[in-house]
Amino acid sequence: MTAGERATAPGKPNTGRTATADAAQDADRTGGSSLLRVADLSVRIAGLHILQGVSFEVASSGVTVLLGRNGVGKSTTLRAILGLTPRNGAATGSVRLGGEEILGRPTHALVKAGLGFVPEDRCVFAGLTVAENLRLAERTDTPDYDLVFGLFPELSKRAKQRAGSLSGGQQQMLSLGRVLLNPNKLLLIDEPTKGLAPKVVTEVAEALERAAQAVPVLLVEQNLAVVRRLAGDAVVIAAGQVAWTGPGERLLADPALTKSLLAVNAAGGH
Amino acid sequence: MDHPVPGTTEAPSAPQQRPGRSLGSPEAPAVLATDALTWRIGEVAIVDGVSLQLHPGEFLGVIGPNGAGKTSLFNLISGLRAVTAGRVLLHGADITALAPHRRAQRGLGRTFQSSSVFGSLSVRENVRLAVQAHRGGSMALWRRAATYREVAERADECLAVVGLGARGDALAGTLAHGEKRKLEIALLLAGEPSVLLLDEPMAGVSAEDVPELVEVIRDLTAHSGRSVLMVEHHMDVILELADRIAVMHHGALLACDTPDAVMANATVQEAYLGEGL
Amino acid sequence: AQGTGGDGAPVKVGLVYSQSGALASYGKQYIDGFKAGLAQATNGTNKVNGRAIELLEADDAGDPAKAVSAAKDFIGKGVKILAGSASSGVALQVAPVAAQDKVLFISGPAATDGVTGVNRYTFRSGRQSYQDVLAAKSFIGDAKDKKVVVFAQDSAFGKANEAAVTAVIGGAGAKVSAILVPASATDFTPFASQVNAAKPDLLFVAWAGTTATAMWGALDQQGVLGSTTVVTGLDQKASYPVFGAAGEKISFLSHYFDGATSNDAAKAASAKITGGLDLFSPDGFNAAQMVVRAIAEGGDDVEKMVGALEGWSFDGVKGKMTIRKEDHAMIQPMFQVKLVGSGAAAKPQLVKELAPEEVTPPAVAMK
Amino acid sequence: MTATPLTLLKRYWPVAAFVALALLPYSGITIPGLFDGPLNSPGALQVLALCLVFGGLAAGYDLLFGRTGLLSFGHALYFALGVYGTDILVTKYGYPLPLAALLAVLFATTIATALGAVALRVHGIAFSMVTLAFGQVGAILVARDPGGLTGGEEGLALNAAGLPDMFVGVVNTVNLYWLALAYLGLVVVVLHRVAQSPTGRVFAGLRDDERRVGVLGLDPYRFKLVSFTLSSSLAALGGVVYLLLAAGASPHVASSDLTLTLLVMVVLGGPGTRFGPVLGGVLFTYLDHRLTDFGGSDAVDSLPGVLAGPLSQPLFVLGTIFILAVYFFPGGLAGLGTRLTAVRRAVTSPPRP
Amino acid sequence: MSTIVLMTVTGLGLAALYFLVASGLSLVFGLADVLNFAHGLFLSVGAYATWWAAGNLPGAGSDGWGFVLAVLFGVVAGTVVAALVELVMIRPLYSRTIEQVLVTVGLSLAGVAALQAGFGADPRPFPRPSWTQQVVTLAGARVPLDRLLLIVAALVVLGLLLAFLRWTRYGLIIRAGVENREMVTALGIDVRKAFTLVFAIGGAAAALAGALSGVYFGSVSPTSGASLLIFAFIVVVIGGMGSVLGSAVAAVAVGLLQQFVNYYGTSGAGDICVVALLAVVLLWRPAGLAGKAATA
Ligand SMILES: Nc1ncnc2c1ncn2[C@@H]1O[C@H](COP(=O)(O)OP(=O)(O)OP(=O)(O)O)[C@@H](O)[C@H]1O
Ligand SMILES: Nc1ncnc2c1ncn2[C@@H]1O[C@H](COP(=O)(O)OP(=O)(O)OP(=O)(O)O)[C@@H](O)[C@H]1O
Ligand SMILES: [Mg+2]
Ligand SMILES: [Mg+2]
C-alpha cells in the first residue's frame, strides 16, 4: 500500500491535510526552514514491516510533535533516525539533517553531531550516581550545568544518589538533564511525561518549553495536554504511515479528528 | 469514532450470562483474589499492596499510566515473578507459591503485552502445543504429535474462532502483529481457562481489526462464565467490555469501581485521565 | 610366501607414535632413534634378506583412539609389525588390537608396567617403571626400617610407582607411605608440608607433566630437599633446567641421557642424530634392531618373529639388552646421575651404572 | 500427489542414503585424496565408523542445544559413562557385552537424571557453568583412577575376551562400521520421531520462549529434564559404540574439550536442523583424523616454517575452519543449502518488484 | 599454627592467581556479554612473550629491572593480541553473542595449537628473579616470596581496576555499558571503543597473570592457560559475572577452600569441593555473589 492510497483509505477523515510522501510540499508549509527531513522511511523488524514509508519534516525551531496510537511506530521512528534499529531489523529511506544524509551513520556520531536523544523508558544508569550519569553525558569541555540544575534543582540535591533509587519523575529529569548539558541541533524526546504524576508532568512540560526556545525538538507525546501546550507542528502516524500533518492546534481543536487519528480521548492524557 | 465497536451504543445489552455489576457485591465468592499483593525491587515497590477481587463471570478492566505496575501485577498473579508480600487466591485456594504451569493447570490463562508466540513453530503447531498442554501434557516421545486427532481438531477450532484458520501453516514468527495477537488469544482459548489475564490485547492491532478482536474477546467470555482481568489503554474498548474498572497508579490500587464511578472519580481524573495542565 | 619368502617384496612396518600433541618431543626422539637403529642394523641398506623395509608412519597425537585407528589401518594394509607409542595409554590399547590380529607390536617409550606380559605378541623396546624404582632403591643401601615416602601424581603412573616402591623397597623392610597429588594441582605447598610432617629417610618423587618446576620449587621452599634424600627419574634434556636451584640437591635415576654410554651403538646413533641423543633415543634404536631381527628370522611369520625375539640379547645404545622370554620385559642397565650446574647450564653427570641384573623386575605371568 | 521419482527421492533420500551407506563395505571403490585405501579397507571403515558415531553424538547433543535451547558444557560426562561403564564391566568384571552396555547406559541415564535435576534449577549461562562443573568432576574422577577402575591417564583397554567374535579383529571392522551406522540411524530416527511428538513440540516451544510454555500449563523443568536425560542416554549409547571402535577408554572422552568439540560439530552443521549436526559431526571427525596425515604430509612440510608449523597441528586447522564457518555460514552447513537455493533463484529469476 | 599460616598465605597466593585471570574475564563478560574462551590464550601469549623477551629483548632479563621490562613486554603483547582479537574477530559479530562465544572457542583451540607449533609442547623454563624462590619465615611458616608477589600484584590490579571503573571516564562508560549498551551510544559515545578497551584491559590482566604464573610455575607451556581458565570461570561465575569485586571475593573463597581441603582432606578433594561450592552458590543465588554490576 502506498502513501497515496493510505490518504484516501476508507474510514479516514478528509478534514485534515492528508499525508504525502512528497516532502517538498511540506517544506512550503514550514516556510522552507526545515531542519530534519525524513523521506520514505521504512523499518522492518523481525520480518514485520513496522514503518512503511514515513515522510515528514521537523522545523528548525519550536516543537514538532509525533503522534499516534500505542505501537504504531513513533518510538521506532525516533530510533531509526538515530540509527538505533535493532539488529534483526533494517531501516531504509532517507533522513537528512540540514541537507546531509544521516541514515545509516553510527548513533554516537549523530549524537556528537548534535542530535540529543531522550529515550522512552528514560534509561538512566541505575548503578551510577546522578552525578556520574551526568558526567557520562558530557560531550564538551563546558557542559551547561547551570541550565540543568536551574531547570531541575532536585538533581543537584541528589547528585550522590544512585539513579536507580530515584522516583520515575526524577529519573525523567535526569534523562532530560543529560541531553541538556550539551549544545544540540535537535532534540529527539520520546514520551517524557510517560508514567509521571500530573504535577511532574507540568514541570517537565515547562522545562521542555524552555528548552525548545533554544533548540528545536522532535517530541513523541501521548499526553494531549502537553501536546497542546508545546506543539507547533504535528505529525500523526497510523498503520506505519503518516496519516496527517499540520499545525498542532488545528488537530487538537477538532476532537473528532483527534479521536479518529489517535484513538485516545482528546480530553484525557493516555 | 474511528472504529465503531458493534454494540457500543447498546452497552446495557451485555450478555445475560454475565451477571456483571450485580456480582460486584462483596459477599459473592471471588474466583481470583489478591490480598495486599506487593512486589519490591530493592526499596522500590513496583506493586504496592494491591487487593482485588474478581467475581465469577466478571470482566474487570485495569487501567493506569505506563509503569503503574499493571503488567507486574499480572506477572505476580500468573507466577512469573515471586511476590514480596501478600497472597494470590484462585477459586479460594492460595496459589501464591505455585509455579506458573501449576496455576495454568488450575485454569489461569494469560497473554503478554508484547506478543509472545513460538516463533519457530507454525501457527497450527503453536495452538496444538497449547491444546496438548491443556490435555495434560503427555510426555510421549515416540508417538507422532500429528496422530493426536482430538488435539488437532481442537486446535483447528481455536484457530477458526480467532479467524486464523487459513494461516495454519505459516511460521508464527512471520505473522503480522495483529495476527500474532489473535494467535495469542487462540493459544489462550486452547487452554480453556476459567480466568483470563489479558495484557493490552489491542496493542499493535490495526484500527480496522479492533472491533473484530473485541468480538473475539467478548465471545471468549460470554459463553462460559469466564472471568477476565484485562489491561488496556484503549478506553473505549475498556468501557465497552468491562463491568468494573480498577485503576493503578504508582503500584497501588487507586480505585476499583463501576466505569461510571471511575470516570467520575476525581483522583482518577487527576492521576490517569486527568488534566495535569 | 611364509618365512623364507625372500622374493624381494618389501616388508611393511607400521610406526604409530606422537608427531603432534603433548608427547611430540618423545615421539621425535623415538623416530630419530628408530631410523638410526635401522640404518645401523641393516648396514645402511635398509634391507633384510634382500627385502626392503617400508616404513608407514602415523601420528597418534597422544590419543589412543587415533592410535587404534592407525593400527587397524596398517593391519588392514598387511602390516605384520607395529611399533611406536610414546604414551602408556596408547601402548596399552594398541597391544590388545595387535594381539587380536596376531601382529607383532613393539611398544616404545611407554613406561607402564602393564605392557610387560600383556600378551605374547607385545614386546617393549624401553624400560618400565619397576626398573626406575629398582634404580631408586640403589640410593638407600639397606632399606631395613627406613621410612620411605612416595610423592607422586594421583594417576595411574603415580600409583604404579607407589605400588612398585611398596613392593621393592617395602619388600626390603622399609616403611612406605605415599602422598598422591592430583595431576591438576596448582599449588604444591600443602603437599610439601605433608612431606615435612612425615619426616622420611627417602623421598621418591614420580612426576611427569608441565607442573614439575612448581612442584620442585615447593619442595625446595619447604625445606624438603635439604632435609632428606630425594630421588627421582631424570627426564629429557629440555627438562634439565626445570629443577632450577633444586637440581643439585636431588639424586637422579636415569633411563638414559646423552653421554651415558659410548658403545658402538651409541656412537652410531650419535652420528646419525643431529642434536644428539636424548632420553628415548635408545628406545627407537632398540625397536629398529628388534624389527630387523624379527624380519630376518621370521620373514612374514609373526609366530616365528615372536620366537626369534624371546630371550634374545643384543647390544643396544644403553648396553646389553635382553628380552626376557617369560614376559617380554626388557632387561637393561640403568644409571645413577647427578645434575651439575643449574638453570640452562644444568648437565647430567654419571654417578654409577647399574647392571641389568641389579634392576631386573620380577617376572609376571604372560596373559 | 503423484509419486514422481523426484518427489519419492525427496521424501526417501535419507532411507536411500542409509541403504547406500550400509552397502558401502561391499564396494571396493577408492576415493583418492579422501581415503588412501579402498573404502572397504579396515582403515577407511574405521575412520568412517568413527565419523558416523560422532555424527550420532552431535545429533544427540543437538537435541539439547539446537532443539531445546540448552547449552550444556558437560555432555562428555554421559558419553564417558557409556565408554567407561561398559569397559569396566566387561574388562574388570567380565560381564558379557550386551549386559554391560545395558547397565552402563542405564547408569548414565540415572546419573543424568539426578545431575540434570540439579543443574536445570538455574538458567542460561549459569546452567552451562553448573554442567561444566559436573563434567569437570567426572574428568577429575576418571583421571584419579578410583580403585584402579579407570586406569587414570593410561585409560583402560577393552578386554577382547569379553566380546562377541564379530567385534574382534581387524577383519571385523566392517561389523563395527555397521554397528556405528545402526547407532547413527537410531539417533536420527529417535530425534525425528521426538521432534514430531508432542514432547518434541514442547522442546521447540522451550527453545523459543520458556516462560510462555510455563504459562500454557506445562512444566518447563520437567520437559527440559526429559530432553537432558534423553540426550545424555543417547550419548552414553554412543559411548558404547565408540568403546568398541577405539578398543578402549581414555580420559580424553571425559574432558570438557570433547563437549566443546560436539558444540563445534553442531554449529558447523547447523543447530536445530535435521541432518546438520550429523553432517557437522561426520565432517569434523573426518578432518580430525585426516588432518594428522595432512600435517605430516610433504606438501605441508615443504611450506615455509611459519605456515608449516601451525598447519601440521590438526587443532589449528580445525579451529580456523570453525572460526571461518561461524563467519561465513552462520546457519551451518545445513543452512548452506537454502542459501545456495536463494542465490540460485536470485540469479535465475528476475527480481520481484 | 604455622601450618595454618602457611596454608592461608599460599591459599591467598592461589586466590591472587585466580583473581588475575578472572578479573579480565569478568570485565569482558560484564560489558560485552562474551564468555571469552580465548582468555587462556591471552594468558599464554603474555607468558610466552615475557619468556621470549627475557631471552631476546635487549635490556630485558630474568632479574631486577630486566625482569620488569620483560613482564612489561609480555603485558603489552597480551594487550595487543586481545585488542586485535576484539577488532578483527569479535567486532564484526557485534551483538551476535553466541557466535562471539563460538569464535572464542575456535580461537582457543587454534591458539593453543599454534603456540604448540611455535614453541613445542614441552614446558619451557621460565626466567624468574631468584628472590621469588626464597622464603620468608612468618609465624614459623616458610612462606615463598612469589606468593607474596602474586598477592601484591593482585591487590594492585584490583585497586587499579576499581579506581579505573570508579573514577575514569572510560570506567564510567564501561559501568554504564554493562547496564545498557545502547543508551551509552545514544549519549554520543562510541561504545565499540570501550569494547576494544575492555578486551585490551582483559588481555593485559591475563598477560600479567600469565607472566606471574610463569614465575609461580617456573615454566610455561601452551596448555597452562587452559588449565587455569576452568578455575577462573568458576571464580567469575561464583563472583557474579561482570563484578570485579565479586571475582576477588570468590577467588579468595576458592583459593582458601582448595588449599585447606587439599591439606586436611584427602588428596585432590579440593577441586571437587570448589565445584560443589559453585553448584551451591548458583542454586542459592543464580546470579552469583554480586549479581551483574560492574563495580560491586
Ligand atoms: N525490537 C523489536 N522487535 C520486534 N518488534 C518490535 C521491536 N521494536 C518495536 N517493535 C514493534 O514495532 C511496533 C512499533 O513500536 P514502537 O515502540 O515504535 O511504537 P510506539 O508508537 O512508540 O508505541 P508507544 O506509544 O507504545 O510507545 C510495535 O508493534 C512493536 O511491537
Ligand atoms: N524486572 C524489573 N526490574 C526493575 N524494574 C522493573 C522490573 N519490571 C518492572 N519494573 C518497573 O516496574 C514499573 C511497573 O512496570 P509494569 O510493566 O508493570 O508497568 P505497566 O503498568 O504494565 O506499564 P505499561 O502500561 O507501560 O505496560 C516500571 O517502572 C518498570 O520499569
Ligand atoms: Mg513509544
Ligand atoms: Mg504493561
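The numbers here are math on the coordinates, done by the rules we state, and not lab data. These numbers come from a predicted model, not from an experiment. Note: ideal-geometry Cβ built from the backbone for every residue, glycine included; neighbour counts use all protein chains shown.
Could you tell me how many degrees, from 0 to 90 and to the nearest 10, lie between the Cα long axis of helix C:64-76 and the main elongation axis, the longest principal axis, of the Cα atoms of chain C?
Around 20 degrees separate the two axes.
Under a Cβ-only charge scheme (Lys and Arg +1, Asp and Glu -1), can you give me the dipole magnitude of region C:59-213 about the Cα centre, in debye to the nearest 20? List each step's numbers first, then the result.
Numbers: 15 positive and 13 negative charges, 91 e Å.
Here region C:59-213 has a charge dipole of around 440 debye.
Among D:Leu23, D:Leu179, D:Leu45, determine the one that fluctuates most according to a GNM of chain D built with springs between C-alpha atoms less than 10 Å apart.
In the Gaussian network model the winner is D:Leu23.
Going through region C:133-187, which trypsin sites (Lys or Arg not before Pro) have at most 13 other Cβ atoms within 10 Å and a DSSP loop state?
On the way: sites: C:Lys137, C:Lys144, C:Lys146, C:Lys147, C:Lys159, C:Lys175; in loops: C:Lys144, C:Lys146.
Loop-located and lightly packed - C:Lys144.
Within straight cross-link reach of A:Lys157, meaning Cα distance under 16 Å, which aspartates and glutamates are found once same-chain residues fewer than 8 apart are removed?
Hits, sequence-local ones excluded: A:Glu132, A:Asp146.
Given Cβ point charges of +1 (Lys, Arg) and -1 (Asp, Glu) and nothing else, what value in debye, to the nearest 20, does the dipole of the protein assembly as shown about its Cα centre take? Walk me through the intermediate numbers first.
Numbers: 120 positive and 118 negative charges, 129 e Å.
So the magnitude is around 620 debye.
Distance between Cα centroids, region D:202-233 to region D:309-332: provide it in whole Å.
33
At 25 °C and 0.890 mPa s, grab the translational diffusion coefficient of the protein assembly as shown from Stokes-Einstein with a Kirkwood Rh over Cα pairs, rounded to a whole number in µm² per second.
Working: Rh = 36.5 Å.
For the chosen part, D equals 67 µm²/s.
Net charge within 12 Å of C:Val48 by Cβ-Cβ distance, Lys/Arg positive one each and Asp/Glu negative one each, not counting C:Val48 itself? Each step should come with its number before you reach the end.
Details: positive: C:Lys47, C:Arg51, C:Arg293; negative: C:Glu54, C:Glu297, C:Asp300.
Result for the local shell: 0.
Using alpha carbons only, how many angstrom separate the centre of region E:51-110 from the centre of region D:91-124?
That distance is 41 Å.
Please check which bits of region C:327-359 a label hung off C:Glu303 would reach, taking the label as a point 7 Å along Cα-to-C-beta and the cut-off as backbone N under 20 Å.
C:327-328
Using r as the Cβ-Cβ distance of E:Trp131 and C:Lys147, and R0 as 30 Å, what FRET efficiency do you calculate, to the nearest 0.05? Please report the intermediate quantities before stating the final value.
Working: r = 33 Å, r/R0 = 1.12.
With R0 = 30 Å, the Cβ-Cβ based efficiency is 0.35.
Placing +1 on the Cβ of each Lys and Arg and -1 on the Cβ of each Asp and Glu in the protein assembly as shown, which of D:Gly270, B:Ala222, D:Ile140 has its Cα farthest towards the positive end of the resulting dipole?
Checked the options; the winner is D:Ile140.
Modelled label-to-label distance, B:Asp169 and A:Ala131, 7 Å Cα→beta-carbon offset: nm?
Spacing of the two 7 Å Cα→Cβ label points: 6.6 nm.
What does the net charge come to around E:Val220 if you take all other residues with beta carbon closer than 14 Å to its beta carbon, with K and R at +1 and D and E at -1?
Values: positive: E:Arg124, E:Arg128; negative: E:Asp122.
It works out to a net charge of +1.
With N set to the number of residues, divide the alpha-carbon radius of gyration of chain D by 2.2 N^0.38 Å and report two decimals. Don't skip to the end; give the middle numbers.
Numbers: Rg = 21.2 Å, N = 353, 2.2 N^0.38 = 20.4 Å.
Against the compact-globule rule of thumb, the ratio is 1.04.
Between A:Ser60 and C:Ala365, what is the spin-label point distance in nm, taking each point 7 Å from the Cα along the Cα→C-beta axis?
Calculated label separation equals 10.5 nm.
Which part of region E:8-29 falls in the paramagnetic zone of E:Tyr264, meaning amide N under 13 Å from the point 7 Å along Cα-to-beta-carbon?
Within reach of a label on E:Tyr264: E:8.
Subtracting the Cα-Cα distance from 0.36 nm times the residue separation, let me have the gained length for E:Leu138 to E:Val68 in nm, one decimal.
Extending this stretch completely gives an extra 22.6 nm.
Between C:Glu310, C:Glu248, C:Glu357, find the one with the highest GNM mean-square fluctuation for chain C; connect C-alpha pairs within less than 10 Å.
Maximum fluctuation in the GNM of chain C, among the listed residues, is at C:Glu357.
Please get the size of the charge dipole for region E:2-222, origin at its Cα centre, with Cβ charges of +1 on Lys and Arg and -1 on Asp and Glu, quoted in debye to the nearest 20.
Charge dipole of region E:2-222: 240 debye, to the nearest 20.
Using a cut-off of under 13 Å, list every residue of region D:36-68 whose amide N is near the label point 7 Å from the Cα of D:Ala17 along the Cα-to-beta-carbon line.
It comes to D:52, D:55-56, D:59, nothing else.
Among B:Ala261, C:Leu277, C:Ala70, which residue has its Cα positioned farthest towards the positive end of the charge dipole of the protein assembly as shown, with +1 placed on the Cβ of Lys and Arg, -1 on the Cβ of Asp and Glu, and the dipole taken about the Cα centre?
C:Leu277
Counting only other residues whose beta carbon sits under 14 Å from that of B:Trp39, what net charge do I get with K and R as +1, D and E as -1?
Details: positive: B:Arg40, B:Lys70, B:Arg81, B:Arg87; negative: B:Asp35, B:Glu43, B:Asp48.
For residues surrounding B:Trp39, the net value is +1.
Based on other C-beta atoms within 10 Å, arrange E:Glu182, B:Glu153 from fewest to most.
Working: E:Glu182 16, B:Glu153 11.
The order, fewest Cβ neighbours first, is B:Glu153, E:Glu182.
Quick one: which residues, 5 or more positions from A:Phe117 or on another chain, have an amide H under 5 Å from its amide H? H modelled 1.01 Å from N in the peptide plane, none for Pro or chain starts.
Result for A:Phe117 returns A:Leu188.
Pairs to check: C:Lys72/C:Lys325; C:Lys77/C:Lys320; C:Lys66/C:Lys159; C:Lys199/C:Lys320; C:Lys77/C:Lys272. Give those whose C-alpha atoms are more than 32 Å from each other in this structure.
Details: C:Lys72/C:Lys325 27 Å; C:Lys77/C:Lys320 34 Å; C:Lys66/C:Lys159 26 Å; C:Lys199/C:Lys320 38 Å; C:Lys77/C:Lys272 30 Å.
From C:Lys72/C:Lys325; C:Lys77/C:Lys320; C:Lys66/C:Lys159; C:Lys199/C:Lys320; C:Lys77/C:Lys272, over 32 Å: C:Lys77/C:Lys320; C:Lys199/C:Lys320.
Order by neighbour count: E:Met183, C:Met334, fewest other Cβ atoms within 10 Å first, most last.
Values: E:Met183 23, C:Met334 27.
Ranking E:Met183, C:Met334 by Cβ neighbours within 10 Å, fewest first, gives E:Met183, C:Met334.
I want to check the label-to-label distance for A:Lys157 and D:Glu210. Put each point 7 Å from Cα in the C-beta direction and report it in nm to one decimal.
In this crude spin-label approximation the distance works out to 4.4 nm.
Order these by the 10 Å Cβ neighbour count, fewest first: D:Ser72, C:Ser227.
On the way: D:Ser72 28, C:Ser227 14.
In increasing order of surrounding Cβ atoms, one gets C:Ser227, D:Ser72.
Of E:Gly46, E:Ala163, E:Gly140, which is farthest on the positive side of the dipole of region E:2-222, counting Cα position, with +1 on Lys and Arg Cβ, -1 on Asp and Glu Cβ, and the Cα centre as origin?
Positive-most Cα among the choices belongs to E:Ala163.
Go ahead and set up a Gaussian network model of chain D, Cα springs under 10 Å, then flag whichever of D:Arg144, D:Arg121, D:Arg207 fluctuates most.
Result: D:Arg121 has the largest fluctuation of those listed.
Assuming R0 = 25 Å, what is the FRET efficiency of C:Val340 and C:Thr274, from their Cβ-Cβ distance, to the nearest 0.05?
Working: r = 25 Å, r/R0 = 1.00.
Efficiency for this residue pair is about 0.50.
Provide the FRET efficiency to the nearest 0.05 for the C:Ala245-E:Leu84 pair, computing r from the beta carbons and using R0 = 51 Å. Please report the intermediate quantities before stating the final value.
Details: r = 38 Å, r/R0 = 0.75.
My answer for the efficiency is 0.85.
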